[in-house]
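Worksheet: one structure, shown below.
The values are calculated or read from the model by the stated rules, or taken from the named source; none is laboratory data. Since we're looking at a predicted model, the values are computed, not measured. Note: ideal-geometry Cβ built from the backbone for every residue, glycine included; neighbour counts use all protein chains shown.
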């Protein structure tokens, strides 16, 4: 297939991909987590990629799926924020507006059969209120107090719901970090496209903070005790 | 052999992008003599995953019209957005709300305009007609529509509609000798039927559950307001004075 046909309106497929993004609401705002891996098929191609991205003063977006589409999204959101800033009209875009804008872009691209191949979480805190929503390549949207994309939807979301649902207003940042870390660990053990290096974003009344890369400590000594599958013969 | 056309050999089949998905859930509407009840569950799912326990599928359009949408959620939300936009333009042009039969025709043309790339959505419109009677209009994704007394749509349509046929139209029932079936059911009876429909659908269908939202539209000065007195978890949404009134009742459904 020619490059021209690809860039026109022919559906593509994701090439360099990111895996799960996790997010939850807690006492002071929203916390989001994503690892630093961008895979090329089953190859762990880029191990220092940031998948959490600040947009304006109140919002973070986290992306799974195609990383080049995500970079394109970062680019046009940056442009949007600049245009909004230069108008100097006393308004600025909060997480709800950014999510709505993204939803419209994602939905119109799917309607042109030329989707941006991502699952995105939009988290934020503005005017004393937490915001957390999802949007994907089909333009499907929803919000909840805990969200997870990709494999995280199967592996981490049940844990997040159990830990968070009904406790959103009492969870401290320390507890939230502990929950996120345990979920990222489950993902690292079971999701073959994940990494033990990840970042956390917190969005509170104090603004957006994205952590340095953090490392997960894991144990594999149990592996040699496993019998029944794998390389062992007895 | 000079004029032989080279046949393009088939390329390895590429993964084709599917612009649709199904997000589960069920909606339902029943018309009474001077009221209409429009309901939907609040679960949104894809495959075996629950995406959220609260994503509304029923929307107040005006004080006399409520729209329920079910199918592909992204199309549904976009469709409601566009219908609302058209109703706002109508309000600015004519200084009144569009009558429900006109909204029904509008929805038909909006759906049919996308005949060859449809909104993957089943619509049910409920409310009060200009003559004060309760109305339910149901649509297929490309705009075929009719006015009915009741309709269920969505994941559990096949569970709920036969129940409604039996309880609303009295299908497969014969009245006791010397009696006849009532022409119209009371609001309290209808609300009970709606609640039972959804608790039953929740029991037997995995895509139905979490929460129930029932919108009730009452005709001007409807005496049916009496049966709303002791309804738990009700709030009023009416925006205009001395006309039709809109209420919503929220209930929990099982979350498993």
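Regarding the range B:227-237, can at least one residue be identified that is more than 19 Å from the chain's Cα centre (by Cα), assigned to a helix (DSSP H, G or I) and surrounded by 13 or more Cβ atoms within 10 Å (Cβ to Cβ)? For the range B:227-237, residues more than 19 Å from the chain's Cα centre (by Cα), assigned to a helix (DSSP H, G or I) and surrounded by 13 or more Cβ atoms within 10 Å (Cβ to Cβ): present. When the range A:163-178 is filtered for residues that are within 14 Å of another protein chain (Cβ to nearest Cβ) and within 20 Å of the chain's Cα centre (by Cα), the ones remaining, listed by number, are A:164, A:165, A:168. Of all positions in the range B:169-177, none carries a residue that is within 30 Å of residue B:47 (Cα to Cα), in contact with a strand residue (DSSP E or B) (Cβ under 9 Å, 6 or more places away or on another chain) and in contact (Cβ under 8 Å) with a residue 12 or more places away in the chain. Considering only residues that are in contact with a strand residue (DSSP E or B) (Cβ under 7 Å, 6 or more places away or on another chain) and free of Cβ contacts under 8 Å to residues at least 60 places away in the same chain, look in the range B:224-247 and name the one that is farthest from residue B:135 (Cα to Cα). Filtering first and then ranking leaves B:233.
Could you please find all residues in the range B:199-223 being assigned to a helix (DSSP H, G or I) and either surrounded by 15 or more Cβ atoms within 10 Å (Cβ to Cβ) or in contact with a strand residue (DSSP E or B) (Cβ under 7 Å, 6 or more places away or on another chain) (or both)? Outline the logic, then answer.
Our first condition is that a residue be assigned to a helix (DSSP H, G or I); within the range B:199-223, this holds for B:199-204, B:223.
Result: B:199, B:200, B:201, B:202.
Taken over the range A:36-61, residues that are part of a strand (DSSP E or B) and in contact with a helix residue (DSSP H, G or I) (Cβ under 7 Å, 6 or more places away or on another chain) amount to 4. When residue A:100 is tested against the conditions (1) more than 15 Å from the chain's Cα centre (by Cα); (2) more than 10 Å from chain B (Cβ to nearest Cβ); (3) closer than 19 Å to residue B:18 by Cα, the lone failure is (3). Under the condition of being under 12 Å from the mean Cα position of the chain (by Cα) and under 11 Å from residue B:125 (Cα atoms), the residues counted in the range B:146-162 number 2.
State the number of residues belonging to the range A:56-71 that are under 18 Å from residue A:18 (Cβ atoms) and in contact (Cβ under 8 Å) with a residue 60 or more places away in the chain. Lay out the reasoning, then the answer.
Here is the first cut: in the range A:56-71, the residues under 18 Å from residue A:18 (Cβ atoms) are A:60-71.
Checking the rest, the ones that are also in contact (Cβ under 8 Å) with a residue 60 or more places away in the chain come to A:60-62, A:64-65.
Adding up the residues that qualify gives 5.
Being over 30 Å from residue A:145 (Cα atoms), crowded, with 17+ Cβ neighbours inside 10 Å and under 13 Å from the mean Cα position of the chain (by Cα) is a condition met by at least one residue of the range B:53-70. Here B:72, B:139, B:117 are screened, and the one residue that is at pLDDT 95 or above and away from chain A (no Cβ under 14 Å) is B:139. Scanning the range B:40-69 for residues that are within 11 Å of chain A (Cβ to nearest Cβ) and closer than 29 Å to residue B:238 by Cβ yields B:42, B:43, B:44, B:52, B:53, B:54, B:55, B:56.
For the range A:138-151, residues that are touching a helix residue (DSSP H, G or I) at 6+ places or on another chain (Cβ under 7 Å), more than 13 Å from residue A:103 (Cα to Cα) and within 11 Å of chain B (Cβ to nearest Cβ) total 3.
Would you be able to say whether some residue in the range A:72-93 is closer than 26 Å to residue A:130 by Cα, buried (at least 19 other Cβ atoms within 10 Å of the Cβ), in contact (Cβ under 8 Å) with a residue 40 or more places away in the chain and in contact with a strand residue (DSSP E or B) (Cβ under 6 Å, 6 or more places away or on another chain)? No: the range A:72-93 contains no residue that is closer than 26 Å to residue A:130 by Cα, buried (at least 19 other Cβ atoms within 10 Å of the Cβ), in contact (Cβ under 8 Å) with a residue 40 or more places away in the chain and in contact with a strand residue (DSSP E or B) (Cβ under 6 Å, 6 or more places away or on another chain). Taken together, A:122, A:135 contain a single residue that is within 11 Å of chain B (Cβ to nearest Cβ), modelled with pLDDT of 95 or more and outside any helix (DSSP H, G or I), which is A:135.
In the list A:140, A:219, which residue meets the criterion of being surrounded by 18 or more Cβ atoms within 10 Å (Cβ to Cβ) and either in contact with a strand residue (DSSP E or B) (Cβ under 6 Å, 6 or more places away or on another chain) or free of Cβ contacts under 8 Å to residues at least 24 places away in the same chain (or both)?
Going through A:140, A:219 in turn, the sole match is A:140.
Filtering B:131, B:97 for residues that are in contact with a strand residue (DSSP E or B) (Cβ under 7 Å, 6 or more places away or on another chain) and over 20 Å from residue B:213 (Cα atoms) leaves a single hit, B:97.
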